[in-house]
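The structure under discussion appears below in the form of structure tokens.
None of the figures in this text is laboratory data; all of them are computed from the coordinates on show. As the structure is a computational prediction, the values presented were derived from the model and not from experiment. Here Cβ is always computed from backbone atoms with ideal geometry, including for glycine, and neighbour counts include all displayed protein chains.
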């Protein structure tokens, strides 16, 4: 079941000035046992991904949508409209996934 979900999971995230928050979220996703097929971030600044390396963006299949409106609901909707998988996990940009041992 886990491999099926991995192939069909998109993580969506609305972000406002996420430049300093998104790297921690991305790193925690990378450490997770559940790997999404893609990560869609709808942000309010073209600089939101400045602190996320190009390698991280490529290896995590990160897509960025620029929103001209700083509104979490509108940003989430824009990201959700871009999803191409069966499963969706919505996370906030300041969230860090905890690893259990």
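Numbers at a glance
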read-out	value
The chain - percent relative contact order, Cα under 8 Å, separation 6 or more	43 percent
Förster radius 25 Å - calculated FRET efficiency between residue 30 and residue 86, Cβ distance, rounded to 0.05	0.65
Residue 99 versus residue 54: modelled label distance in nm, points set 7 Å from Cα along the beta carbon direction	2.7 nm
Most mobile of 81, 47, 60 in a GNM of the chain (Cα contacts under 10 Å)	81
For the chain, built as a Gaussian network whose Cα springs stay under 10 Å, the top-fluctuating residue of 44, 58, 85	58
Between 0 and 90°, nearest 10: helix 22-31 axis offset from the chain longest Cα axis	10 degrees
Kirkwood Rh and Cα Rg combined as Rg over Rh, evaluated for the stretch 2-92	0.94
Residue among 55, 35, 77 with the largest mean-square fluctuation in a Gaussian network model of the chain, springs linking Cα atoms under 10 Å	55
Angle in degrees between helix 72-81 and the longest Cα principal axis of the chain, rounded to the nearest 10	50 degrees
